[in-house]
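Have a look at the structure below before the remarks.
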Amino acid sequence: DGGITQSPKYLFRKEGQNVTLSCEQNLNHDAMYWYRQDPGQGLRLIYYSQIVNDFQKGDIAEGYSVSREKKESFPLTVTSAQKNPTAFYLCASSKGLGDTQYFGPGTRLTVL
Amino acid sequence: EDQVTQSPEALRLQEGESSSLNCSYTVSGLRGLFWYRQDPGKGPEFLFTLYSAGEEKEKERLKATLTKKESFLHITAPKPEDSATYLCAVQAVYNFNKFYFGSGTKLNVKP
């Protein structure tokens with residue numbers, strides 16, 4: 001079955017550490033996205049990628065970095081520069097930019 | 001600034017008690033409006049896309065409708081398994097790569 005996988009499901013980070021969240025899709029989608037979800041707020045876009053080796057900042061990119069070396073993969077690194085990283089992180093993909101987005105199961109990151 | 005507002009924030013229904021959730025938006029040129037269902041601790045699951053005023057989509061007990069300024073998600077005779085948070089997102093013609101998400105309506109259906 002085609003779908004989007006994210007790992008790990010739960011992640012704990014000490015202050016000052018960088019961590020990388022994995023996102024893989026086998027839907028043959030060109031576009032991929034990273035969102036952050038906080039209680040009581042709508043999803044906020046961190047980064048998106050329309051095609052391999054190309055990505056754009058979203059609304060809240062500070063303290064985050066991404067890469068898109070393969071069509072199937074779009075990892076997100078949460079750096080120590082991100083001041084409030086505790087949140088639920090969601091990866092999504094779509095056939096093309098602007099098409100319906102389909103989401104992965106999410107990664108919950110907690111900073112200790 | 002483009003905004004999406006969902007109401008109510010939370011809704012408690014008895015099993016079988018029909019109701020509607022609202023999603024109002026202020027984008028000036030709507031390209032698409034999307035409804036998702038999200039269970040606790042999981043990613044959103046796509047339900048519907050609506051593109052023009054007057055359009056309706058149905059899936060089991062759910063029906064989504066669209067006007068020029070808002071969308072409704074009607075839930076007919078809900079069951080406990082319909083309990084979830086329902087998210088609305090809109091996409092503007094002039095910036096179609098961005099989805100504007102509302103904060104959701106948390107639905108609780110009691111048996």
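The residue B:12 and residue B:79 beta-carbon pair, evaluated with R₀ = 22 Å, returns a calculated FRET efficiency of approximately 0.95. Calculated on C-alpha atoms, the gyration radius of region A:2-88 divided by its Kirkwood radius gives an Rg/Rh of 0.95.
Here the accessible area is traced with a 1.4 Å probe on the protein chains. For chain A, carbon and sulfur cover 46 percent of it.
In what order, largest first, do A:62, B:56 sit by accessible area if the probe radius is 1.4 Å?
Working: A:62 155, B:56 105 Å².
Sorted by accessible area, descending: A:62, B:56.
Burial here means at least 30 square angstrom less accessible surface with every protein chain in place than with the chain by itself, probed at 1.4 Å; in region B:62-111 the buried residues are B:96, B:97, B:98, B:99, B:101, B:103.
Just so you know, the averaged projected area of the alpha carbon convex hull for region B:33-111 sits at 5.6 nm². Think of region B:1-71 as having a plus end and a minus end, set by charges on the Cβ of Lys, Arg, Asp and Glu; of B:71, B:18, B:7, B:71 sits farthest toward the positive end of this dipole. Interface residues of region A:91-110, defined as those with an accessible-area decrease of at least 50 Å² between the chain by itself and the complete set of protein chains (probe 1.4 Å), are A:98, A:100, A:101, A:103.
Computed on protein heavy atoms with a 1.4 Å probe, what is the summed buried accessible area for the chain pair B and A, in Å² to the nearest 100?
Values: alone 6170 and 6210 Å², together 10860 Å².
The summed interface area works out to 1500 Å².
Of interest is the spacing of the C-alpha centroids, which for region A:49-112 and region B:25-89 amounts to 24 Å. The label-point distance for residue A:100 and residue B:45, in a model that sets each label 7 Å from Cα toward Cβ, rounds to 1.4 nm. Between residue A:108 and residue A:80, the simple label model (points 7 Å from Cα in the Cβ direction) yields a spacing of 2.7 nm.
Accessible surface of chain B, 1.4 Å probe: 48 percent of it comes from carbon and sulfur atoms.
For residue B:110, the aspartates and glutamates whose Cα falls under 20 Å of its own Cα, not counting residues fewer than eight places away in the same chain, are B:9, B:15, B:17, B:39, B:60, B:81, B:82. Approximating the spin labels as points 7 Å out from Cα along Cα→Cβ, the residue A:52-to-residue A:22 distance works out to 2.0 nm.
Taking the Cα centre of chain B as origin, sum charge times position over the Cβ atoms of Lys and Arg (+1) and Asp and Glu (-1), and report the length of that vector in debye to the nearest 20. Please report the intermediate quantities before stating the final value.
Values: 14 positive and 14 negative charges, 15 e Å.
Roughly 80 debye, rounded to the nearest 20.
A viscosity of 1.306 mPa s and a temperature of 10 °C, combined with the Kirkwood radius over Cα pairs in Stokes-Einstein, give a translational diffusion coefficient for the protein assembly as shown of 88 µm²/s. Solvent-accessible surface of the protein assembly as shown, averaged per residue with a 1.4 angstrom probe and all protein chains in place: 49 square angstrom.
Of the listed pairs A:57/B:98; A:14/A:83; A:14/B:42; A:9/B:57; B:59/B:106, which have alpha-carbon separations greater than 21 Å here?
Exceeds cut-off: A:14/B:42; A:9/B:57.
Cross-link partners of residue A:70 among lysines, defined as those whose alpha carbon lies under 16 angstrom from its own and excluding same-chain residues fewer than eight positions apart: A:95.
How would region A:19-66 be classified by its alpha-carbon gyration tensor: rounded, prolate or oblate, with rounded meaning a/c under 1.5 and the a/b versus b/c comparison settling the rest? Prolate is the answer for region A:19-66, as a/c is 1.5 or above and a/b outweighs b/c.
The values are calculated or read from the model by the stated rules, or taken from the named source; none is laboratory data. For clarity, every value in this text was computed on a predicted model and none was experimentally measured. Quick reminder, even Gly has a Cβ in these numbers, built from the backbone with ideal geometry, and neighbours come from all protein chains shown. The accessibility values were calculated without ligands, DNA or RNA, using every heavy atom of the protein model including side chains. Shrake-Rupley method; radii C 1.70, N 1.55, O 1.52, S 1.80 Å.
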